[in-house]
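The values are calculated or read from the model by the stated rules, or taken from the named source; none is laboratory data. Computed from a prediction, not measured in an experiment: that's the story for all the values here. With ideal geometry, Cβ positions are generated from the backbone for all residues, glycine too; neighbour counts draw on all protein chains shown. Please note that ligands, DNA and RNA were not included when accessible areas were found on the heavy atoms of the full protein model with its side chains. Shrake-Rupley method; radii C 1.70, N 1.55, O 1.52, S 1.80 Å.
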Amino acid sequence: MKKDVIIACDFPDRESTLAFLDRFQGSRKPFVKIGMELFYGAGPDIVREIKARGHRIFLDLKLHDIPNTVRKAMKVLSALDVDMVNVHAAGTVAMMKAALEGLTRADGTRPLLIAVTQLTSTSEETMQKELLVGASINDTIVRYAQNAREAGLDGVVCSPLEAAMVKEACGETFLAVTPGIRFADAAADDQVRITTPARAREIGSDYIVVGRPITAAEDPVAAYEHCMKEFAE
């Protein structure tokens, strides 16, 4: 499978998002992530508008609720014709199976469905002390990935540092979608478990999700092309 870079369009409104994407006219159209901030601010119409421009979309809403609610919500999201959606693996195997059911259309097609293991802002100490998860962060992520595979999902969101162990536990075709990417000379910001695009490629990431290193760059198109060259080409 071809590797790709997903740009996290974490903007507050339609205008700033489209102004950013306008900078890519004349170049390849990047795969983009629409997260909670933009989706809640601009609504589902922003998904339709960006899709109409020819971009692939990862709709990053991290659903986590009772199985029936998630099933119904996924049925709605499936109609938006996005390319990838996600849930929290902590929602249980039953919830993930319900998500898959809701996402699958009558003709059998559906977007890719992945599950968040642990957020890249979460350290092992925080996980154990605040969430009372007694296992190590690595063991927890691997178990969550195995649960996602059991539920029939396509892969997980994890930090690039855990991509190799996810592949070992769940197989090479099981997707590792990894945020927490920074260029070698960039600040970590609020991320804890991070690495560079080149290292993420070596470790086994299939997709990397990159936000501020591209969106806050002086030349976002050049930053994106640099990231693509380092990771995907």
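Taken together, R110, R143 contain a single residue that is open to solvent by 70 Å² or more (accessible area, probe 1.4 Å), within 17 Å of the chain's Cα centre (by Cα) and modelled with pLDDT of 95 or more, which is R110.
Apart from one condition, M36 fits all of (1) in contact with a Lys or Arg (Cβ under 7 Å, 6 or more places away or on another chain); (2) within 13 Å of A8 (Cβ to Cβ); (3) open to solvent by 30 Å² or more (accessible area, probe 1.4 Å); (4) of a type outside the set (S, T, N, Q); the exception is (1). Among what's in segment 47-84 and is within 10 Å of P111 (Cα to Cα) and charged (D, E, K, R), pick the residue that is most open to solvent (accessible area, probe 1.4 Å). That would be D81.
Count of segment 14-29 residues, restricted to those that are open to solvent by less than 60 Å² (accessible area, probe 1.4 Å) and part of a loop (DSSP other than H, G, I, E, B), is 2.
For segment 3-27, the candidate set comprises residues that are charged (D, E, K, R) and touching a residue at least 12 places away in the same chain (Cβ under 8 Å); within that set, the residue that is nearest to G211 (Cα to Cα) is D10. If you scan segment 91-137, which residues turn out to be part of a loop (DSSP other than H, G, I, E, B) and aliphatic (A, V, I, L, M)? Listed by number, the residues that qualify are A106, L119, L131, L132, V133, A135. Do any residues in segment 219-231 that are within 17 Å of K29 (Cβ to Cβ) have Cβ atoms under 7 Å from those of residues that are modelled with pLDDT of 95 or more and in a helix (DSSP H, G or I), where the two are at least six apart or on different chains, and which pairs are they? Going by the 7 Å Cβ cut-off, the qualifying pairs are P220/F20; P220/I214; A223/I214; Y224/I214; C227/I214.
So is T140 assigned to a loop (DSSP other than H, G, I, E, B) and closer than 23 Å to M96 by Cα or not? Judged against the criteria, T140 is not a match.
For V32, the criteria (1) touching a helix residue (DSSP H, G or I) at 6+ places or on another chain (Cβ under 7 Å); (2) among the aliphatic types (A, V, I, L, M); (3) not in a strand (DSSP E or B) hold in every case but one, which is (3). The set of residues from segment 90-108 being touching a Ser or Thr at 6+ places or on another chain (Cβ under 9 Å) and within 20 Å of A79 (Cβ to Cβ) comprises A98, G102, L103, T104, R105.
Of E37, E49, all but one fail to be part of a helix (DSSP H, G or I) and either within 15 Å of the chain's Cα centre (by Cα) or within 20 Å of I214 (Cα to Cα) (or both); the exception is E37. Taken over segment 58-79, the criterion of being in a loop (DSSP other than H, G, I, E, B) and over 17 Å from V156 (Cα atoms) is satisfied by D65, I66, A79. Of the residues contained in segment 181-192, none is found to be crowded, with 19+ Cβ neighbours inside 10 Å, modelled with pLDDT of 95 or more and not hydroxyl-bearing (S, T, Y).
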